[in-house]
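The values are calculated or read from the model by the stated rules, or taken from the named source; none is laboratory data. Just so we're clear, the structure is a prediction, and the values are computed from it rather than from any experiment. Glycine gets a Cβ as well: all are built from the backbone with ideal geometry, and neighbour counts include every protein chain shown. Heads up: the accessible areas ignore ligands, DNA and RNA and are worked out on the full protein's heavy atoms, side chains in. Shrake-Rupley method; radii C 1.70, N 1.55, O 1.52, S 1.80 Å.
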Amino acid sequence: MSDYSSIVVHSAATILELCKDLDEKLKGYLVETDDRPDISYELLKILTISDDLVQLANPDKISGEFFALPKEVVGGSKEAAVFSNDHGWDFGPWFGEKSGSIKLGIKKVIKYWEMDPETVELHEEAQITSKEFVRVRIDSGIREVKAYAKVVFDQFFSDKVSVEK
C-alpha cells in the first residue's frame, strides 16, 4: 500500500469511527428527547476529511488558474492524484464520485441537524411527523456517509485500488 493509499484508508476509517460516535450521540434524538445533541465536532471533522478526499481527485483552482494560467506557473497549485488498480485502469472518476458522495452525505446531515422540526411544514396527508421527517433525513445522510466511506476503505485497504501523487 502506497503512502497516499494509507492516508485514504486512515481517512475512511476515521469517518467510519466518527459515524459510530454520531449514532451513539443521536440515540433517542427526536424519538425520546428533543434535546439536540452536540455533534458539531463529528460533523466538522467528517466534512473536513471528506473535503480533503475530494481534493485528492479534484483539487480546487487557486489564484492564477482562474485566469487560465497553467498549473506549472501558479505557485501552490495541485495536480489531481492518480488512482488505479493492478490492471492500470483509471479510478480517478470512481474515487471522485465516492468522496464527493461522502461530502454531500455529511452536508445533508448538517442541514437536517440544524433544522428545527417545529418549522418543517409537511403536506397535510403526510404519514410522518415533522420530527420523524428530520430524524429520517439525518439517519439517511449518515447511512450515505457510512456506505461510501466503507466502499473506499475496503477498496484501498485490500489494495484493489491505489493512489499515487
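The table below gives the values:
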read-out	value
Residue count for segment 120-154, restricted to those that are part of a helix (DSSP H, G or I) and over 16 Å from the mean Cα position of the chain (by Cα)	7
Residue under evaluation Trp113, criteria (1) over 21 Å from Tyr4 (Cα atoms); (2) aromatic (Phe, Trp, Tyr); (3) touching a strand residue (DSSP E or B) at 6+ places or on another chain (Cβ under 7 Å), criterion not met	(3)
Test result for Ala126, open to solvent by less than 70 Å² (accessible area, probe 1.4 Å), at pLDDT below 95 and touching a Gly at 6+ places or on another chain (Cβ under 8 Å)	no
Residues (farther than 17 Å from Thr48 by Cβ, touching a Ser or Thr at 6+ places or on another chain (Cβ under 9 Å) and not hydrophobic (A, V, I, L, M, F, W, C)) located in segment 131-155	Glu144
Top-ranked residue of segment 67-81 - restricted to ones that are part of a helix (DSSP H, G or I) and modelled with pLDDT under 65, ranked as surrounded by the most Cβ atoms within 10 Å (Cβ to Cβ)	Lys71
Selection from segment 34-51 of residues that are open to solvent by 60 Å² or more (accessible area, probe 1.4 Å) and either of a type in the set (Ser, Thr, Tyr) or modelled with pLDDT of 95 or more (or both)	Asp38, Tyr41, Leu44, Lys45, Thr48
Pairs, first closer than 17 Å to Leu47 by Cβ in segment 108-125, second open to solvent by 50 Å² or more (accessible area, probe 1.4 Å) and of a type outside the set (S, T, N, Q), C-beta under 6 Å, six or more apart	Tyr112/Arg137
Residues being out of contact with any helix residue (DSSP H, G or I) (no Cβ under 8 Å at 6 or more places or on another chain) and assigned to a loop (DSSP other than H, G, I, E, B) - total across segment 94-119	1
Count of segment 108-123 residues which are of a type outside the set (A, V, I, L, M) and open to solvent by less than 100 Å² (accessible area, probe 1.4 Å)	6
Segment 1-33, subset open to solvent by 90 Å² or more (accessible area, probe 1.4 Å) and outside any helix (DSSP H, G or I), residue farthest from Leu53 (Cα to Cα)	Glu32
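Let's see how each residue does on (1) in contact (Cβ under 8 Å) with a residue 40 or more places away in the chain; (2) surrounded by fewer than 13 Cβ atoms within 10 Å (Cβ to Cβ):
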{"residue": "His87", "(1), (2)": "no, yes"}
{"residue": "Ser99", "(1), (2)": "yes, no"}
{"residue": "Ile106", "(1), (2)": "yes, no"}
{"residue": "Arg137", "(1), (2)": "no, no"}
{"residue": "Lys150", "(1), (2)": "yes, no"}
{"residue": "Phe156", "(1), (2)": "yes, no"}
{"residue": "Lys165", "(1), (2)": "yes, yes"}
